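Report on the following structure.
The values are calculated or read from the model by the stated rules, or taken from the named source; none is laboratory data. Quantities reported herein were computed from a predicted structural model and do not represent experimental measurements. No Cβ is skipped: glycine too gets one built from the backbone with ideal geometry, and neighbour counts run over all protein chains shown.
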């Protein structure tokens with residue numbers, strides 16, 4: 001039987017949801033397998049902390065545990081009592097187990113809860129040998145939430161993920177990946193009498209500092225100088241595939257949008273959307289020289305008339 005979940009997280013029985021979550025996050029970062037590769041005890045402790053948090057973060061399970069209806073593993077208390085008991089001290093093969101891990105993007109930035117697991121059903125219940133005629137049940141599936149940067153989602157860059165057994169794999173993103181895409185990794189879940197279950201990876205697209213997704217396209221606001229807008233210029237523009245030189249035509253104003261073909265998101269058929277670059281004139285600070293240059297010149301266009309004033 002697992003240790004008392006409150007003791008495992010180091011919180012009082014009356015602790016609120018915020019305190020429980022805060023305690024878990026602190027311990028998870030400290031014990032994360034990526035930071036303790038040569039310390040198997042830390043990995044074991046990490047799993048214990050995760051299991052404790054998953055029980056206490058579920059209001060129904062926490063209430064049942066506090067009433068003594070289930071143990072720290074979520075199994076019914078007492079000999080043969082309730083589903084999953086099966087006369088084997090409440091263990092059976094129906095108990096749900098899971099694993100949470102802190103996520104890292106492709107450049108190593110810590111995104112906290114970007115990569116966290118959820119839990120799948122454990123099969124079993126009743127007999128430890130599963131349903132007759134259907135073979136021994138497989139282990140539970142384990143779900144992970146993987147944060148993927150917009151840059152990586154567009155180019156299908158491989159993502160590194162650490163599984164519940166401590167193994168790290170490089171995950172190849174499928175064409176057309178989007179928010180909520182689910183990827184199944186066969187045999188990468190919990191072990192069971194009939195073999196391992198699956199790992200289900202749910203993709204979350206993370207925001208980018210200056211790129212914005214617009215369907216299959218990617219949008220970018222690009223600042224240009226007043227001189228470049230008036231006289232035209234070749235300017236460097238970032239794309240998810242690397243910087244390119246963009247031609248700004250003379251007389252370009254703020255709001256003008258230029259299209260870069262094939263620089264957007266990867267579609268399911270392998271083709272790419274476009275990047276839409278919107279020019280934004282960045283006016284210089286007002287100084288005496290600029291005032292002198294503009295002295296005597298007035299823009300006489302009736303712009304206010306367009307607003308009906």
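If you go through the stretch 188-203 one residue at a time, do you hit one that is surrounded by 10 or more Cβ atoms within 10 Å (Cβ to Cβ), within 26 Å of residue 157 (Cα to Cα) and at pLDDT below 90?
The initial filter retains those residues of the stretch 188-203 that are surrounded by 10 or more Cβ atoms within 10 Å (Cβ to Cβ), namely 188-203.
Keeping just the survivors that are within 26 Å of residue 157 (Cα to Cα) gives 188-189, 198-203.
Filter again for at pLDDT below 90, leaving 189.
Scanning the stretch 188-203, I find at least one residue that is surrounded by 10 or more Cβ atoms within 10 Å (Cβ to Cβ), within 26 Å of residue 157 (Cα to Cα) and at pLDDT below 90, so the answer is yes.
Could you go through the stretch 186-207 and let me know if any residue there is touching a strand residue (DSSP E or B) at 6+ places or on another chain (Cβ under 8 Å), within 30 Å of residue 274 (Cβ to Cβ) and in a loop (DSSP other than H, G, I, E, B). Outline the logic, then answer.
Within the stretch 186-207, the subset touching a strand residue (DSSP E or B) at 6+ places or on another chain (Cβ under 8 Å) is 188-190, 197-206.
Filter once more, so that each one left must be within 30 Å of residue 274 (Cβ to Cβ): 201-206.
Checking the rest, the ones that are also in a loop (DSSP other than H, G, I, E, B) come to none.
No: zero hits.
Looking at the stretch 166-176 only, could you name the residues that are part of a loop (DSSP other than H, G, I, E, B) and touching a strand residue (DSSP E or B) at 6+ places or on another chain (Cβ under 6 Å)?
Within the stretch 166-176, the first condition is being part of a loop (DSSP other than H, G, I, E, B), and the residues that meet it are 166-167, 172-176.
Residue satisfying the conditions is 175 alone.
Among the listed residues 176, 166, identify the single one that is surrounded by fewer than 19 Cβ atoms within 10 Å (Cβ to Cβ) and touching a helix residue (DSSP H, G or I) at 6+ places or on another chain (Cβ under 7 Å).
Working: 176 fails: touching a helix residue (DSSP H, G or I) at 6+ places or on another chain (Cβ under 7 Å).
Matching residue, one of 176, 166: 166.
Every residue in the stretch 1-28 that is in a helix (DSSP H, G or I), loosely packed, with under 13 Cβ neighbours inside 10 Å and in contact (Cβ under 8 Å) with a residue 24 or more places away in the chain, please.
Filtering the stretch 1-28 for residues in a helix (DSSP H, G or I) gives 5-9, 17-28.
Imposing the further condition that a residue be loosely packed, with under 13 Cβ neighbours inside 10 Å reduces the set to 7, 17-18.
Across the stretch 1-28, the qualifying residue is only 17.
Can you pull out the residues in the stretch 47-72 that are in a helix (DSSP H, G or I), under 26 Å from residue 163 (Cβ atoms) and in contact (Cβ under 8 Å) with a residue 40 or more places away in the chain? Step through it out loud before you land on a result.
Initial filter on the stretch 47-72 (in a helix (DSSP H, G or I)): 47-56, 59-66.
Checking the rest, the ones that are also under 26 Å from residue 163 (Cβ atoms) come to 47-56, 61.
If the condition is that a residue be in a helix (DSSP H, G or I), under 26 Å from residue 163 (Cβ atoms) and in contact (Cβ under 8 Å) with a residue 40 or more places away in the chain, then 47, 48, 49, 50, 51, 52, 53, 54, 55, 56 are the ones that fit.
Residue-by-condition table, conditions (1) at pLDDT below 90; (2) touching a strand residue (DSSP E or B) at 6+ places or on another chain (Cβ under 8 Å); (3) part of a loop (DSSP other than H, G, I, E, B):
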| site | (1), (2), (3) |
| --- | --- |
| 134 | yes, no, yes |
| 146 | no, yes, no |
| 164 | yes, yes, yes |
| 218 | no, yes, no |
